[in-house]
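See below for the structure under consideration.
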Amino acid sequence: MARADRLLRLIQVLRRHRAPVSAAALAEELEVSVRSVYRDVQTLRAQGASIEGEAGVGYLLRPGFLLPPLMFSDEELEALVLGLRLTAEHGDAALGRASAEVVAKLRAVLPRDLRQLVDETALLAGPARERPPETVDLAEVRAAIRTQHKARLAYVNERGDASERTVWPLGLGYFERSRVLIAWCEAKGDFRSFRADRITRWATLQERLPRSRMALLREWREREHIPAQLPGGT
């Protein structure tokens, strides 16, 4: 078992107990030596864990402790790094910058062995063959989605017909050759999809959505038979 996984399991075992647990009992459950338990307790304390007790007495984890660096197994950490690399390669410019910042923050709080795993991860994200042009600031589009505000957009369809619409932005799909806005169109009274590179003007309005964005997005998924995605089944 990797040491990071063992430390996480130790935290989880301690959380289950309201009374002090002996090092021998912890060692038996974790299938390690008592000496390893002593070392791991010291490591967790150095990371900020409020573990009371000592050898021969037992150990107790005080409530409210959260240690993010140890909430990841090796595979979970690789999944995070790969996801961030894919976002940097295939997301819009603002998401690319944010991905680099997340990696830097992650490295700053990780223990040395996990930080090394981040630096040496051999999972690579292939470059985008063709980045779709950004005719509007997608960071503004994403902000409107998050804050559940209506928007006014100018759009040119595949035939070259121009129109202006008031929409309720619900989601933004990232594909290799395009980004697609999912929205409720007030003019059509129905869900519509808009290619982001055909949106020529975007203005977020002060008016908020009259219905929950999550409920509307679930309704759209059910109609289109599109399965929910992680996290949270949105």
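Residue count for the range 122-179 satisfying the condition of being in contact with a helix residue (DSSP H, G or I) (Cβ under 7 Å, 6 or more places away or on another chain), in a strand (DSSP E or B), under 13 Å from Arg201 (Cα atoms) and not aromatic (Phe, Trp, Tyr): 2.
Taking the range 1-111 and the helices (runs of 4 or more DSSP H) fully enclosed by it, the elements with 1 or more residues that are within 21 Å of the chain's Cα centre (by Cα) and either hydrophobic (A, V, I, L, M, F, W, C) or closer than 30 Å to Leu172 by Cβ (or both) are at 3-16, 74-90, 93-109. For the range 193-202, indicate whether the set of residues that are more than 30 Å from Gly126 (Cβ to Cβ) and either in a strand (DSSP E or B) or free of Cβ contacts under 8 Å to residues at least 24 places away in the same chain (or both) is non-empty. Scanning the range 193-202 turns up at least one residue that is more than 30 Å from Gly126 (Cβ to Cβ) and either in a strand (DSSP E or B) or free of Cβ contacts under 8 Å to residues at least 24 places away in the same chain (or both).
State all residues of the range 203-224 that are farther than 17 Å from Arg165 by Cα and among the hydrophobic types (A, V, I, L, M, F, W, C); if no residue qualifies, say none. Lay out the reasoning, then the answer.
Here is the first cut: in the range 203-224, the ones farther than 17 Å from Arg165 by Cα are 211-224.
The answer is Met214, Ala215, Leu216, Leu217, Trp220.
Of all the numbered requirements in (1) under 21 Å from Ala88 (Cβ atoms); (2) surrounded by fewer than 16 Cβ atoms within 10 Å (Cβ to Cβ); (3) not hydroxyl-bearing (Ser, Thr, Tyr), Leu138 misses one, and that requirement is (2).
Counting only residues that are closer than 15 Å to Ser33 by Cα and either crowded, with 19+ Cβ neighbours inside 10 Å or modelled with pLDDT of 80 or more (or both), how many does the range 1-17 have?
Of the residues in the range 1-17, the ones closer than 15 Å to Ser33 by Cα are 1-3, 6-7, 9-10.
This time we only want the ones that are either crowded, with 19+ Cβ neighbours inside 10 Å or modelled with pLDDT of 80 or more (or both), so: 6-7, 9-10.
So the count comes out to 4.
The values are calculated or read from the model by the stated rules, or taken from the named source; none is laboratory data. Keep in mind the model is a prediction, meaning the values are calculated, not measured. Positions of Cβ are backbone-derived with ideal geometry, glycine not excepted, and every protein chain shown enters the neighbour counts.
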